[in-house]
Amino acid sequence: MISLATLFPLAIALPQAAFWGLALVAVVAALGVVLHRNPVVEALLLVVVLLAVAGIYALLHAWFLAVLQVIVYAGAIVVLITFVIMLLNLGPEARGGPGPLTVVLGGLLALALALLVGRAAAGLGPRVADAAWNPQFGKVAAMGKALFGAWFWPFEIVSLALIAAMVGAVVIAKRRLEE
Amino acid sequence: MQVDPGSVLVLSAILFAIGVFGVISRRGAVVLLMGVELMLNAGNLALVAAARVTPAGGELGAMDGQVLAFLVLAIAAAEAAVGLALVIALFRHKGSVDVDLARMLRW
């Protein structure tokens, strides 16, 4: 059996192959998220997608974001989703899935989107500026300098939005809607 | 050896499309939110890949794509909190999380 310890140096030696492996996992799990009927299974498959994306972040040298992805997304957000699923005791969807028209139209729209963006991305070519790459790229220090430098106001506005969302969530979930 | 950012963008497009399909085709509010999370992740993936192609001396700093992805992550957390609160409110009101039942604003 291939262990994680042997896979890791392999990923460093062959990043493109590691990327395709993670991409395959992400796409299959994402299809499971939208196609499976049981919400608990969907939430667990979402964790698989998020962890695969975190791995791709690491391959793209976004170390800090990879860690954040695991903590915030796979940790906090999915726990919140699972908590709500358990709280509301949601079973598999009672009614028999989406109608055929919805599936065909949604599938066509999704396919068109994927083709459009994929076609634009295919012309991107290999990345530039490799030689003098900053070794700090993607690490916490560089991220912090950017956040509290050029991105100071967006950062503060986002924290304001977070507080507003927190208060809003409490108010919405607490009060009963009037008839 | 590096990951080709073009292929990351293709994956991002595929994930986004799957998320769109999930939001359009499903009725459960929680699944709908998961579709939105998929789309946000696809957008983040594109941003991080773009950060990899931005030259360090360009108009945009090299870290800008990652900082944007960081901000999107924070907004995604806020979105999940408010969205799930709405799901709970909907469930209390209608006894179900079927989004087709949320038509109180329609006459």
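Please give the contour-minus-distance gain from A:LEU109 to A:PHE152: 0.36 nm per residue of separation, less the Cα-Cα distance, rounded to one decimal in nm. Please list the in-between numbers first.
On the way: separation 43, 0.36 × 43 = 15.48 nm, distance 3.75 nm.
Roughly 11.7 nm would be gained on extension.
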Rounded to the nearest whole Å³, what is the per residue volume of the convex hull around the Cα atoms of the range B:5-107?
100
Provide a whole-number value for the mean count of partner chain Cβ atoms within 10 Å of the Cβ atoms in peptide A:20-28.
3
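What's the average, rounded to a whole number, of partner chain beta-carbon atoms within 10 Å of each residue's beta-carbon in B:37-44?
Taking the mean over all residues of the peptide, I get 5.
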Residues of the range A:14-53 with backbone nitrogen within less than 19 Å of a virtual label 7 Å along the Cα-to-Cβ line of B:GLN2, please, listed as ranges.
A:14-20
Spin-label point model (7 Å from Cα, Cβ direction): what's the A:VAL41 to A:VAL171 distance in nm?
4.0
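Every number in this text was worked out from the coordinates using simple rules, so none of it is lab data. Just so it is clear, the model here is predicted, and its values are computed rather than measured. Positions of Cβ are generated from backbone atoms using ideal geometry, with glycine treated the same way; all protein chains shown enter the neighbour counts.
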